[in-house]
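Any read-out appearing in this document is the output of simple, stated calculations on the displayed coordinates, not a laboratory observation. Treat the numbers as computed from the prediction; the structure is a model and nothing was measured. With ideal geometry, Cβ positions are generated from the backbone for all residues, glycine too; neighbour counts draw on all protein chains shown.
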Amino acid sequence: MVALLVLAAVAQRANAQADAPTADQVKAAYLQKFTGYVDWPPKAFADPAAPLVIGVVGADSVFAELSRLVLGRTAQGRTIAVRRLPAAAPVPDVHVVFIGREIGAEATAALLAAYRGRPVLTVTDQPRGLALGAMLNFVELERRVRFEAAPALADIGGLRLSSRLLAVAERIWGGLP
């Protein structure tokens, strides 16, 4: 009887862990939520009906999850679209760019530099992502996905990060790369 109870407890714990979202699912959810806490200048959109476009460089599982997650959703009165982006050069008509860890620090820094000064929220998944030039960067602490923010970099691009977004950031970085 005791062995059966222990086995049931182990199985229940395994099911609970299996039901927990993956880090990439959490990152996709954050990316979708970030769109509600950033103010873009009107010039960032081609017209009032233009969608808010989230571009993903690398990060196949984040792209797949985000594509599923945004179906039928809106942010700031705009539909949300998700696009796969190349790592080689910046793309016009995109409002959020997520650069996955597998792209590498050097290529990430070059891409971030190309987007710098544009009204594009740049988000990375790199060690020292803010120092590379990202506005937001995912970090994992105690097996939880968190993010850090560099509002000064957002200001350069004409974006304003909400104080509510900054209040939940793990760290706020005031420097510029």
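Nearest 10 degrees is fine. How inclined is helix 2-19 to the longest principal axis of the chain, computing both from alpha carbons?
10 degrees
With no solvent and one point per C-alpha, what does the Debye sum give as log10 I(q)/I(0) for the range 99-155 at q = 0.28 Å⁻¹?
Debye curve over Cα of the range 99-155, log10 I(q)/I(0) at q = 0.28 Å⁻¹: -1.14.
So who's got an amide H within less than 5 Å of the one on Leu121, skipping anything under 5 residues away but keeping other chains? H placed 1.01 Å off N, in plane.
Val96, Val97
What FRET efficiency do you get for Ala49 and Ile156 if R0 is 41 Å and r is their Cβ-Cβ distance, rounded to the nearest 0.05?
That gives a FRET efficiency of 0.90.
Using alpha carbons only, how many degrees (0 to 90, rounded to 10) separate the axis of helix 105-115 from the longest principal axis of the chain?
Helix 105-115 sits at roughly 40 degrees to that axis.
Quote to one decimal, in nm, the extra length available between Asp39 and Ala105 on full extension: 0.36 nm per residue of separation minus the C-alpha distance between them. Mind showing how you got there, number by number?
On the way: separation 66, 0.36 × 66 = 23.76 nm, distance 2.75 nm.
Extra length from Asp39 to Ala105 when fully extended: 21.0 nm.
Hey, what did the chain get for relative contact order, percent, Cα under 8 Å, at least 6 apart?
19 percent
Does anyone have the angle between helix 23-34 and the longest principal axis of the chain? Alpha-carbon axes, 0 to 90°, nearest 10?
40 degrees
To check you understand DSSP bridge types, tell me what percent of the beta bridges within the chain (both residues inside) are antiparallel, rounded to 5.
Of the beta bridges lying entirely in the chain, close to 35 percent run antiparallel.
Before rounding to the nearest 500, sum -39500 (n - 2.57) across all DSSP H runs of length at least 4 in the chain and divide by the residue total; then give [θ] at 222 nm in deg cm²/dmol.
-10500 deg cm²/dmol
Around Gly129, what is the net charge, scoring Lys/Arg as +1 and Asp/Glu as -1 over all other residues with Cβ under 10 Å from its Cβ?
0
Starting from the exponent 0.38 and prefactor 2.2 Å, build the expected Rg for the chain from its residue count and divide its actual Cα Rg by it.
1.15
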